[in-house]
Structure formats: structure tokens, C-alpha cells
Amino acid sequence: MNVVVPDYYADFACLQSACRHNCCIGWEIDIDDDTLDLYRGIPAPFGERLGRHISEDGAPHFVLDERERCPFLNEDNLCDIILALGEDALCDICTEHPRFYNEWSDRTEVGLGLACEAAGHLVLGRSEPMVLIGEPSSDPLLLLRDRLLAVLQDRTVPLAERLARLLAHCHAEAPSADMGVWATKLLALERLDEAWTGRLLDLQKRWECLDLAAFDRVIATRQTEYEQFAVYLLYRHFTAENAADACATFVVLGVTLLYYLGAVQWEETGQFTLDDQVELARLFSSEIEYSDENMAFFLDA
Ligand code: SF4
């Protein structure tokens with residue numbers, strides 16, 4: 001099978017104990033059957049510890065502690081399962097995160113999700129246009145997707161124009177420009193992190209009074225961050241299952257939200273760094289992309 005990856009893929013490295021938003025905090029991780037069988041065969045005392053912290057009520061999963069941490073994430077933010085049993089003993093989800101996979105007729109496409117801050121820096125911090133590594137496809141949908149990627153990466157025109165062309169190519173509607181309405185909709189969806197709720201409430205309150213011309217000057221040399229975000233969203237969500245027009249609208253909405261959330265942060269704090277951009281994208285990704293229900297809200301509409 002042809003496996004396709006973005007050209008930055010091989011550069012990914014987990015930040016491990018240096019990660020500020022460790023993926024082992026706040027997410028209840030399901031354990032696949034093979035790994036569960038492996039854990040059942042581990043002798044005491046570690047096997048006994050595994051048994052105490054795994055629930056088989058519903059899909060087998062690690063039970064988070066009172067601080068919402070994985071029970072095997074130690075105080076140095078290292079994984080006790082890896083320390084005791086090696087990396088091969090991780091369940092599929094822990095092994096794969098933050099990778100995502102899209103299956104096509106003649107290829108598997110793999111990418112790195114922006115819910116991981118290391119991936120965020122890699123994707124949003126690069127200046128060159130993303131290039132896909134792998135054999136070309138003859139799948140008509142993928143050929144269309146590649147044309148759409150080229151539209152988003154055409155640096156001879158401003159990004160706003162590229163987004164308009166993306167919508168036109170997909171016969172898609174532009175999302176409402178009323179960020180207050182979007183903030184209200186997003187506040188009505190499932191939310192995990194209070195930081196996301198705070199950002200949405202600030203957006204709802206301030207979006208109409210923002211000095212966007214001033215913010216545009218701040219980010220004038222940072223258009224590639226928004227391009228990379230748009231390209232990432234298209235690569236991840238333009239699939240055989242998702243309608244092209246809904247996907248294009250979602251891409252444009254995602255970039256617009258990132259822009260406005262950045263403007264709010266800049267007005268509130270007086271600064272807006274790449275770190276801040278990565279953090280906004282991380283919140284967006286964890287709250288929207290990692291919730292089937294929230295994705296369905298955007299892509300099934
Ligand atoms: S979020 Fe990314 S960098 Fe942080 S611990 Fe998880 S995989 Fe590593």
C-alpha cells in the first residue's frame with residue numbers, strides 16, 4: 001500500500017516531560033484488545049497496578065486520577081508503562097498519537113494532529129509550503145484535493161483571496177462572518193478545557209470592537225502560519241466521507257476563527273507569538289477535531 005505523509009512528518013519528536021499540554025492529561029484513553037491481553041499477562045506487582053487502573057466498564061480504558069492525569073503518568077511526566085515494559089507495551093492510541101490516518105482506494109495518508117504542541121510547532125512554524133511525499137494518485141477526489149491544496153499554497157495572491165477561491169472551487173458557502181454567532185455555537189458544543197471556554201467567551205464579547213487593522217500589521221509577515229493551518233485542515237478533513245463543500249467551509253471557518261482568537265489575545269495581552277498561535281490551534285484541534293460530535297456539527301451540516 002502506498003503511504004503518503006507531509007514532508008515534515010519524519011521530523012516529529014514528542015516533547016515528553018517538557019510538554020506543557022501532555023496528551024496523557026485530560027483524555028480517557030481506550031485500550032485495544034491486543035494490548036489489554038498483554039496487560040492481563042503482566043505479573044505482579046506491575047500487572048496488579050495495571051489491573052487497578054483499567055476500567056472495563058464500556059470500552060476498556062485507563063481511569064484518570066483526580067487531577068485528570070493518566071494513572072501511569074508519573075510526577076516527572078514520564079510514562080511508567082514505557083519505563084516498566086518498554087514502548088512496545090503501549091496501547092494503539094498512545095503509540096499513534098498525534099498521528100491521524102485517512103484511507104483512500106490506493107493509499108493511506110498519514111498526518112500529525114495539531115492537538116499536540118510539538119506537531120503544532122512543526123506544522124505552523126515552517127515557512128516552506130507543505131509537500132506530500134508518496135506516489136501520485138489517480139483517484140479523482142484526490143486529484144481535486146491536490147488542486148485545492150495548490151490553491152491554498154499559491155503565494156502570488158493574498159490568503160483571503162486563496163480562501164475565497166477554495167470556496168468557489170468547491171461551490172461552498174462562505175461561513176457567516178459574525179464571530180459572535182460562532183462563539184455562541186461553539187459554546188453550545190461539547191467542551192473539554194476551561195481555557196477554550198474562556199477564549200470563546202472573550203471572542204463573543206470583543207469581536208466587534210477589535211482593531212483588526214492593527215492586528216493585521218502585527219501578523220503581516222506571518223501569513224504562512226494561516227496557510228499552513230488551512231493546508232493542514234484540508235489535508236486532514238478532505239476525505240471520501242466528507243462532502244467537499246462542507247470541508248471547504250470548515251477550512252475557511254477554522255482559519256477565520258484562528259485569526260479572530262489571535263486578535264482577541266493580542267488586544268488583551270499586547271503580544272501574539274508563534275507559541276500563542278500553536279496554543280490556539282491546539283485548543284481548536286483538541287476541542288473540535290478530536291470530538292466526533294463536534295466534527296459532525298460542522299461537516300454534516
Ligand atoms: S502532546 Fe505531543 S509532545 Fe506532548 S506528550 Fe503528547 S505526543 Fe508528546
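No value in this document is a laboratory result; all are computed from the given coordinates. A quick note: this is a predicted structure, and the numbers were derived from the prediction, not measured. For neighbour counting, all protein chains shown are included, and Cβ atoms are generated from backbone atoms with ideal geometry for every residue, glycine included.
For the pair residue 223 and residue 1, how long in nm is the line joining their label points, each one 7 Å along Cα→Cβ?
3.8 nm
With no other cysteine's Cβ closer than 4.7 Å, which Cys residues of the chain count as lacking a disulfide-compatible partner?
Isolated Cys, the chain: 14, 19, 23, 79, 91, 94, 116, 170, 209, 247.
So what's the convex hull volume per residue for the Cα atoms of segment 137-299, in Å³? Kindly include the intermediate steps, with their values, before the conclusion.
On the way: hull volume 18.2 nm³, N = 163.
With only Cα atoms used, segment 137-299 gives 111 Å³ per residue.
In degrees between 0 and 90, to the nearest 10, how far off the longest principal axis of the chain does helix 194-206 point, with axes built from Cα atoms?
20 degrees
What order, most packed first, do the peptides 10-20, 251-261, 99-109 have when packing is the mean number of other Cβ atoms within 10 Å of each residue? Walk me through the numbers on the way to the answer.
Details: 10-20: 12.2, 251-261: 22.4, 99-109: 15.2.
Packing proxy ranking, top to bottom: 251-261, 99-109, 10-20.
Please list 22-30, 40-48 highest first by mean number of surrounding beta-carbon atoms within 10 Å per residue.
Working: 22-30: 17.4, 40-48: 11.3.
In descending order of packing, they fall as 22-30, 40-48.
For segment 221-301, what number results from the quotient of the Cα radius of gyration and 2.2 N^0.38 Å?
Details: Rg = 13.2 Å, N = 81, 2.2 N^0.38 = 11.7 Å.
That works out to 1.13 for segment 221-301.
Just add up the charged neighbours of residue 224: K/R +1, D/E -1, any other residue whose Cβ is under 9 Å from the Cβ of residue 224.
0
Can you run phi through the Karplus equation (6.51, -1.76, 1.60; θ = phi - 60°) for segment 15-28 and list ³J(HN,Hα) in whole Hz, with x for Gly and Pro?
In residue order, the calculated couplings are 7, 6, 5, 7, 6, 7, 10, 3, 6, 8, 10, x, 10, 7 Hz.
D for the chain, whole µm²/s, Stokes-Einstein with Kirkwood Rh over alpha-carbon pairs at 10 °C and 1.306 mPa s: what number? Don't jump to the answer; show the numbers that get you there.
Numbers: Rh = 20.7 Å.
D = 77 µm²/s.
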